[in-house]
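Peer 1: Have a look at this one.
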Amino acid sequence: MLVALGVGGGVTTMLDGSALSDWLLGTHDRAAPAASQHYSGQFGICSGSLRITCVVDGDTFWLDGTKIRIADINTPEVSSPQCSQEAVLGRRATERLRELLNAGPFALVQDGRDEDQYGRKLRVAMRDGHSLGAQLVAEGLAHEWQGYRQDWC
């Protein structure tokens, strides 16, 4: 049975009895199907130091105070671009991720490691069986994650 909960930042979470923080922190029942975890809300672009539910860049966002790194892609940097082309693409990828997250319920699926070296939760964002990251790749706003940062210049 799914239960809809309202959580901070205007995010609605449908859970199978697990708390949002348990899921994001990786302490949920791993036997539960990942597809039963659906999130939706109004994501803005992050600014300032208070980050609850917002998009940092094309592959990183905050959900209810937890930082999520989209595990299957890498997007251009917005905080330290190497060239003007990367800066432009980075802004476009950031805005597009915001649009995709705001377009309706999505699932977060753990695929491999739980966290990266920066403490971000590594998750694949899915909607209707399709990766939101793959959508960004198809639109030329991301590369598939190869284990290292690729050049955008």
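Quick note: the coordinates plus some simple rules give every number you see, no bench work behind them. Note that this is a predicted model, so its numbers are computed, not measured. Counting neighbours? That spans all protein chains shown, and the Cβs are built from the backbone with ideal geometry, glycine included.
Peer 1: Name the shape class, rounded, prolate or oblate, that the alpha-carbon gyration tensor gives for segment 43-144, where a ≥ b ≥ c are the square roots of its eigenvalues, rounded holds for a/c under 1.5, and otherwise prolate holds if a/b is larger than b/c and oblate otherwise.
Peer 2: rounded
Peer 1: DSSP loop (so not H, G, I, E, B), at most 11 other Cβ within 10 Å: list which chymotrypsin sites (Phe, Trp or Tyr not before Pro) in segment 45-153 pass both filters.
Peer 2: 118, 148
Peer 1: Spelling out what I want: for every residue of segment 69-75, take phi, set θ = phi - 60°, compute 6.51 cos²θ - 1.76 cosθ + 1.60 (Karplus), and round to whole Hz; glycine and proline get x.
Peer 2: 10, 5, 6, 9, 9, 9, 10
Peer 1: Continuing with the same structure: With charges set only on the Cβ (+1 for Lys and Arg, -1 for Asp and Glu), what does the dipole of segment 43-144 come to about its Cα centre, in debye to the nearest 20?
Peer 2: About 260 debye.
Peer 1: Going by how many other beta carbons lie within 10 Å of each one, how would you line up 59, 111, 128, fewest first?
Peer 2: Fewest to most other Cβ atoms nearby, the residues stand as 128, 111, 59.
Peer 1: Let me ask something additional. Going by amide H atoms built from the backbone, whose H comes under 5 Å of the H on residue 122, apart from near neighbours?
Peer 2: Under 5 Å from the amide H of residue 122: 69, 115, 116.
Peer 1: Could you give each residue of segment 96-107 its phi-based ³J(HN,Hα) in whole Hz, using Karplus coefficients 6.51, -1.76, 1.60 with θ = phi - 60°, and x for Gly or Pro?
Peer 2: Using θ = phi - 60°, the values come out as 5, 4, 4, 4, 5, 5, 7, 6, x, x, 9, 10 Hz.
Peer 1: Can you list residues from other chains, or at least 5 along the same chain, whose modelled amide H is less than 5 Å from the amide H of residue 60?
Peer 2: Close amide H contacts, sequence-distant or interchain: 70.
Peer 1: Can you figure out the FRET efficiency of residue 153 with residue 130, using R₀ = 25 Å and their beta-carbon distance, to the nearest 0.05?
Peer 2: For R0 = 25 Å, the calculated efficiency reads 0.30.
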